[in-house]
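Below is one structure, written out as structure tokens; the observations come after it.
The values are calculated or read from the model by the stated rules, or taken from the named source; none is laboratory data. On a predicted model such as this, the values are computed, not experimentally measured, just so you know. For neighbour counting, all protein chains shown are included, and Cβ atoms are generated from backbone atoms with ideal geometry for every residue, glycine included.
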Amino acid sequence: MRLPPDLEASVLELAGVSPSAPAPLPEEDEASFMADVIALAKRHGWRGCHVTNSRKSEAGWPDLVL
């Protein structure tokens, strides 16, 4: 969830974060984020299971297990 820019600036000011802090990362859609996570896991030798259609899975079971 993103805050409106003016509210975000107020929150950062209250938190004492300087304006020179790095800019937030751009928002990414879930599919791109999931692909990046899986690629990183594979790069480090992790194995995993990604459920692409969780409608038939037990409620509460995660989409990605590494």
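Worth pointing out:
Condition check ((1) part of a helix (DSSP H, G or I); (2) touching a residue at least 12 places away in the same chain (Cβ under 8 Å); (3) surrounded by 10 or more Cβ atoms within 10 Å (Cβ to Cβ)) across all residues:
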site	(1), (2), (3)
ARG2	no, yes, no
PRO26	no, no, no
MET34	yes, yes, yes
VAL37	yes, yes, yes
LYS42	yes, no, yes
ARG47	no, yes, no
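- Of the numbered criteria (1) surrounded by fewer than 10 Cβ atoms within 10 Å (Cβ to Cβ); (2) assigned to a loop (DSSP other than H, G, I, E, B), the one LEU14 fails is (2).
- Criterion applied to VAL17, VAL51, VAL11, VAL37 was being in contact with a strand residue (DSSP E or B) (Cβ under 9 Å, 6 or more places away or on another chain), at pLDDT below 90 and not hydroxyl-bearing (Ser, Thr, Tyr), and the one residue passing it is VAL51.
- Number of residues in segment 49-66 that are surrounded by 10 or more Cβ atoms within 10 Å (Cβ to Cβ) and in a helix (DSSP H, G or I): the value is 1.
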